[in-house]
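First the structure, in the form of structure tokens, and then the observations on it.
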Amino acid sequence: MERRMDTSAVSFCHAQKSFHKKSVCPISKTNVTLKRGQYINEQECSVVSKIRRFYLNHVKRKMFNKIILLYSAVMMMLFATAAVMVYQYQVQRTIREETDANMKTAQVLSIYLNRQYENIQNTIQQIYGDATLSDDLVYFLNNPYENYLGHRLNQFAETNEQRLRSYSTLVKNYMELEPGAKRVSIYSYPRKFGMNFEREQQQLQYESGSGESWNNWLMMRRAYTWDTVSHGPNSNISTKGASTSMYSYSRELQDPWTLDRIGMLIVDFDSKQLTNWLDSRVPATHGQMLVMTSMGKVLYDSTGEYVGQIYPYRYEINSTDKWVSLDEPSKINILDTGNAGLSVVGIVSKSTIEASTGSLKTTLILVTLLFFIASFVLTATVMRRYSKKIRRIIVSMSRIGEGDLSTRIQMPGEDELKQISQRFNDMCERLEQYIDKMYTSEIKQKHAELVALQSQINPHFLYNTLESIRMKAYSEGARDVGKMVYSLSVMFKNMVKKDTVVTIKEEIEMCSIYLDLLQIRYEGRLEVETYIEPCVSGCSIIKLLIQPIVENYIVHGFRSLDDDNRVSIHAVRDGGRVIITVKDNGTGIAPERLKEIHQMLSGSSHLSSNLMEKSTPSIGLINVHDRIRMNYGEDYGIAVFSEPGEGAEIRVEIPMLKEGIL
């Protein structure tokens with residue numbers, strides 16, 4: 001389809017060029033666009049295929065890479081979780097430490113304010129507690145200042161005292177004891193004047209405004225016991241040095257005799273003394289500190305932001321929430337300063353805490369990454385060592401698959417891979433032995449087949465010859481000879497058959513035919529007994545396993561001069577095995593010879609071969625034993641039991657197999 005489009009596009013363009021040389025072919029542009037899009041898709045497919053190839057080669061087919069990736073993911077999660085937990089713990093600890101430090105600062109500030117308030121109250125108590133001082137103050141507030149001075153001179157003359165006690169002396173003593181007091185002012189209601197006491201001087205001021213301004217001033221000072229500005233009865237009589245760095249306390253004065261309000265005491269405090277006090281007691285101020293009146297007016301702010309203002313969050317600070325929403329979420333500590341009517345508010349903002357933990361967050365991230373990298377490198381190094389060991393095992397297995405059975409794995413260490421290597425080496429050794437054994441068995445089998453082939457040369461000629469001899473014996477009246485020839489013919493016919501596996505019943509019948517010949521020969525001096533358990537009569541057995549054992553008895557144990565020779569053949573089931581017992585009452589086997597037979601039966605196949613080559617008297621037993629072990633395994637074979645003069649018992653053990661199955 002694309003080629004058709006290209007061809008049509010080219011032909012169309014040629015037509016357009018022939019019509020007008022400057023014309024442009026839009027179809028070719030579209031075609032170019034399609035080719036570019038196709039190129040981009042091919043690039044994307046190439047990237048996807050590379051990723052897929054990388055995944056197959058380095059992840060899916062690499063067990064240790066999967067383990068490393070899984071381990072890395074788990075460790076990253078663990079490290080991240082631990083870092084988050086540590087960070088959360090440190091944040092909570094920082095919040096607790098900052099809040100406790102802020103509370104301590106608030107307590108220190110509250111102690112200072114309580115002391116200021118108590119010093120003022122003690123001074124006032126001294127005035128009212130001393131009649132001389134109270135009379136002096138009352139006279140000062142109710143009379144013109146010139147009259148007060150004359151009154152003082154008259155008292156001095158009458159008492160002849162060098163130093164009279166007066167309210168002014170008490171005020172000056174108070175200012176010496178209270179470093180935070182910057183100015184003490186006493187205003188007279190009846191006379192409308194005021195006396196300002198400072199550390200260096202005292203100044204008398206009269207009210208020059210209207211009565212309305214005086215009343216407004218009185219109402220304000222009565223309403224606000226604590227304030228940030230100390231000013232006179234009117235705006236024209238402002239006290240010297242009034243500023244936002246000051247806060248003041250006002251107290252009305254009464255005549256102790258008439259209880260009339262006659263004046264007001266105002267003490268101006270320097271807020272810088274609060275800062276100096278905190279610096280001397282708490283070197284590191286934690287958070288923001290506020291001193292507020294009951295009306296919410298801020299007398300002191302460690303940041304200077306809200307001094308002289310009504311605090312905008314005065315209602316929010318009473319919230320019971322863990323974080324209070326002010327300018328930003330904050331922790332709040334509130335302390336009341338006793339009878340002074342002030343509150344000390346400590347504020348620890350969330351940004352302050354985050355600033356304290358900012359370096360911790362960076363440190364935890366770096367430490368977490370460092371631990372993860374170290375863990376990954378260590379794990380990758382260990383996994384690489386094990387990967388090399390696994391690779392060595394895989395290479396060795398490949399060499400075994402190619403036929404090199406001499407391959408052995410030399411694996412250091414004592415771990416599971418070492419055990420696998422040892423099992424692999426043992427397997428290779430057993431495999432070599434098994435191959436050698438099977439090779440030997442195959443040679444023997446080939447030899448037996450060759451003998452069988454040689455014995456099968458023209459068997460019909462031999463059958464016909466034996467049949468002619470039997471008929472001749474019958475014609476001459478020698479029926480016993482004819483019967484023997486017939487039995488021999490049946491035996492020979494069965495022996496030359498190609499079948500190597502027969503039933504147990506057929507094998508024992510062959511032995512019975514052989515024993516029939518011997519009974520005819522020895523004319524009643526041999527008694528034969530056979531028993532086959534019905535459940536094993538149809539089981540499979542290798543041909544000519546029982547006959548050599550019976551023949552061994554006839555050759556070596558039969559007593560030709562005695563009339564009580566007896567041999568029995570029993571075949572019974574024992575679990576998953578068939579036990580065939582050949583027992584006789586012959587001459588038995590000498591202990592030394594029996595020991596040699598046991599050694600030969602327990603020896604290797606090459607020992608049996610050497611004994612066979614020497615034509616020892618026990619060649620039949622050894623042959624039967626080797627044939628059983630080669631066909632059925634090492635767990636089966638024959639066992640010989642005998643006592644001299646009491647006969648022998650040969651026990652044959654083979655697996656119980658169905659007919660036709662070896």
Discussion item. Using 0.36 nm times the number of residues separating Arg384 and Ala590, minus their current alpha carbon distance, what extension gain do you get?
Written reply: 67.5 nm
Practice prompt. Would you mind ranking Lys66, Lys297, Lys483 by Cβ crowding within 10 Å, fewest neighbours first?
Written response: Lys66, Lys483, Lys297
Worksheet item: For Gln419 and Thr363, what is the calculated FRET efficiency with R₀ set at 60 Å and r taken between the beta-carbons, to the nearest 0.05?
Response: 0.85
Item to complete: Place a label point 7 angstrom from the Cα of Glu533 along the Cα-to-Cβ direction, then list the residues of segment 638-656 whose backbone nitrogen is under 11 Å away.
Response: 656
Practice prompt. Treat each spin label as a single point 7 Å out from the Cα along the C-beta direction, and report the Leu405 to Arg430 distance in nm.
Written response: 1.4
Worksheet item: What does the charge count near Met292 come to, summing +1 for each Lys or Arg and -1 for each Asp or Glu among other residues with Cβ under 10 Å from its Cβ?
Response: +1
Worksheet item: Between Glu176 and Trp257, what is the label-to-label distance in nm when each label sits 7 Å out along the Cα-to-Cβ direction?
Response: 3.1
Worksheet item: How much length is gained on full extension from Asp336 to Gln445, taking 0.36 nm per residue of separation minus their Cα-Cα distance?
Response: 27.9 nm
Worksheet item: If you keep only loop residues by DSSP, which GluC sites (Glu not before Pro) in segment 355-440 have at most 12 other Cβ atoms within 10 Å of their Cβ?
Response: Glu402, Glu414
Item to complete: Check each of the GluC sites (Glu not before Pro) in segment 493-571 and keep only those in coil by DSSP with at most 16 other C-beta atoms within 10 angstrom; list them in order.
Response: Glu523
Worksheet item: About its Cα centre, what dipole magnitude does segment 62-381 give when the only charges are +1 on Lys and Arg Cβ and -1 on Asp and Glu Cβ, stated in debye to the nearest 20?
Response: 1240
Worksheet item: Roughly what would the spin-label model give for Arg651 and Leu69, points 7 Å off Cα along C-beta, in nm?
Response: 6.2
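Gain in length, Asn154 to Ser319, computed as 0.36 nm per residue apart minus the alpha-carbon separation, to one decimal in nm?
Roughly 53.2 nm would be gained on extension.
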Practice prompt. Quote the charge dipole size of segment 476-600 about the Cα centre in Debye, to the nearest 20; the model charges only the Cβ of Lys and Arg (+1) and of Asp and Glu (-1).
Written response: 400
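Among Cys428, Cys511, rank each residue by its count of other Cβ atoms within 10 Å, from fewest to most, as a rough exposure measure. Provide the component values of the computation, followed by the final result.
Working: Cys428 18, Cys511 23.
Placing the least packed residue first, the sequence is Cys428, Cys511.
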Fill in: Estimated FRET transfer efficiency (Asn276, Met77; beta-carbon r; R0 41 Å; 0.05)
0.20
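Most exposed first by the Cβ proxy, i.e. fewest other Cβ within 10 Å, how do Asp135, Asp626 rank?
Asp135, Asp626
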Worksheet item: So which of Lys446/Lys583; Lys272/Lys322; Lys595/Lys658; Lys172/Lys297; Lys104/Lys350; Lys483/Lys658 end up more than 26 Å apart, counting from Cα to Cα?
Response: Lys446/Lys583; Lys272/Lys322; Lys595/Lys658; Lys172/Lys297; Lys483/Lys658
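Each reported figure results from applying straightforward, stated rules to the coordinates on display, with no laboratory input. What you see is a predicted model; the values in this text were computed from it and never measured. All Cβ positions, glycine included, derive from the backbone under ideal geometry; neighbour counts span all protein chains shown.
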